[in-house]
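Some notes on the structure that comes next.
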Amino acid sequence: SLRLNKIDINTILQEVAERMILIAPDHMLDLDTDESLPLLKGDYDKLMQLVTNLVSNAVKYSPAHSKILLKSSQEGDYIHIIVQDQGIGIPADSLDAIFAPYSRIYAAKTRYIQGTGLGLAIVQQIVLMHEGRIWVESKMGHGSVFHVLLPMNSTPSPTGL
């Protein structure tokens, strides 16, 4: 269930960036936030988990010393969160499958990366609980861009249904 409060999404992006710098000092985290964003009604802990999972994946699938962008902006009635990496990318035929539970993309470049395949399924569930939308754009060898749209004027059900 959701514990709804007024949330500053930029605070979440800032906190995740600060933590990831400590955990992944070999990556450069670039924060580009729209400081005029209104507060969002949402669950702080779940939104923190959402952003943490996306940034953690960006770190795992990107080479050392590459840049990861965390961005917030307003698009109409939505807050748009972007997490962009310069990693290995996702094959076009796997883009839809990555949000399924236990899905992992197996390739020579990813066989050493630890994980259960639940991170993006959890991220998608959190987005849906907040009545939002998530999608990814990716090109092999050029990285991925994860987009999250969260409605500003929505009042999600505390049960997430």
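So, by mean Cβ neighbours within 10 angstrom, what's the order for 66-72, 50-56 with the highest one leading? Before the final figure, lay out each step's value.
Values: 66-72: 19.3, 50-56: 22.9.
Packing order, densest peptide first, comes out as 50-56, 66-72.
Points 7 angstrom from Cα along the Cβ direction at LEU95 and SER154: gap in nanometres?
Here the answer is 2.1 nm between the modelled labels.
Would you look at the GNM of the chain, springs on alpha carbons closer than 10 Å, and say which of GLY143, GLY87, GLY76 moves the most?
Result: GLY76 has the largest fluctuation of those listed.
When the chain is treated as a GNM, springs tying every alpha-carbon pair under 10 Å, which of ILE12, ILE122, ILE23 comes out with the largest mean-square fluctuation?
The residue that fluctuates most here is ILE23.
Radius of gyration and Dmax for the chain's Cα atoms, expressed in Å?
That works out to 15.2, 44 Å for Rg and Dmax.
Can you tell me which aspartates and glutamates have their Cα less than 14 Å from the Cα of LYS6? Leave out same-chain residues fewer than eight positions away.
Within the straight-line cut-off, LYS6 pairs with ASP43, ASP45.
Accessible surface of MET20 in the full protein assembly, 1.4 angstrom probe, to the nearest 10 Å²?
It works out to around 20 Å².
Ignoring ligands and nucleic acids, what accessible area does ASP77 show with a 1.4 Å probe (Å², nearest 10)?
100 Å²
Give the long-range amide H neighbours of GLN74: residues separated by 5 or more places, or on another chain, with amide H under 5 Å away, using H modelled in the peptide plane at 1.01 Å from N.
Those lying under 5 Å, H to H, from GLN74 are HIS80.
With θ set to phi - 60°, apply the Karplus curve 6.51 cos²θ - 1.76 cosθ + 1.60 along the range 53-59 and write out the HN-Hα couplings as whole Hz, x wherever there is a Gly or Pro.
4, 5, 6, 4, 4, 4, 5
Just to check I understand the Karplus step: with θ = phi - 60° and J = 6.51 cos²θ - 1.76 cosθ + 1.60, what whole-Hz values come out for the range 133-145, glycine and proline as x?
Per residue, the Karplus-derived 3J(HN,Hα) values read 9, 9, 7, 9, 10, 7, 9, 3, x, 10, x, 9, 10 Hz.
What lysines does LYS139 reach when the alpha-carbon gap must be under 30 Å and sequence neighbours fewer than 8 apart in one chain are set aside?
Candidates past the 8-residue exclusion: LYS46, LYS60, LYS67, LYS71, LYS109.
Working from Cα positions, state the angle (0 to 90°, nearest 10) between the long axis of helix 119-129 and the longest principal axis of the chain.
Once rounded, the angle reads 20 degrees.
Only residues of the range 57-82 count here: report those whose backbone N is under 14 Å from the spot 7 Å along Cα→Cβ of ASP32, or say none.
Answer for the range 57-82: 67-74, 80-82.
Using a Gaussian network model on the chain with a 10 Å cutoff between Cα atoms, which of LEU149, LEU39, LEU22 fluctuates the most?
Fluctuation is largest for LEU22.
For LYS41, which aspartates and glutamates qualify as cross-link partners when the Cα separation must be under 19 Å and same-chain residues fewer than eight apart are set aside?
Partners within reach: ASP8, GLU15, GLU75, ASP77, GLU131.
Helix-only mean residue ellipticity at 222 nm, the chain, DSSP H runs n ≥ 4 weighted -39,500 (n - 2.57), per residue, nearest 500. What is it?
Roughly -8500 deg cm²/dmol at 222 nm, from the helical runs in the chain.
The values are calculated or read from the model by the stated rules, or taken from the named source; none is laboratory data. Since this is a predicted model, take the numbers as computed values, not measurements. Note that we place each Cβ from the backbone using ideal geometry, even for glycine, and neighbour counts take in every protein chain shown. Accessible surface is based on the protein model in full, side chains and every heavy atom, while ligands, DNA and RNA are left aside. Shrake-Rupley method; radii C 1.70, N 1.55, O 1.52, S 1.80 Å.
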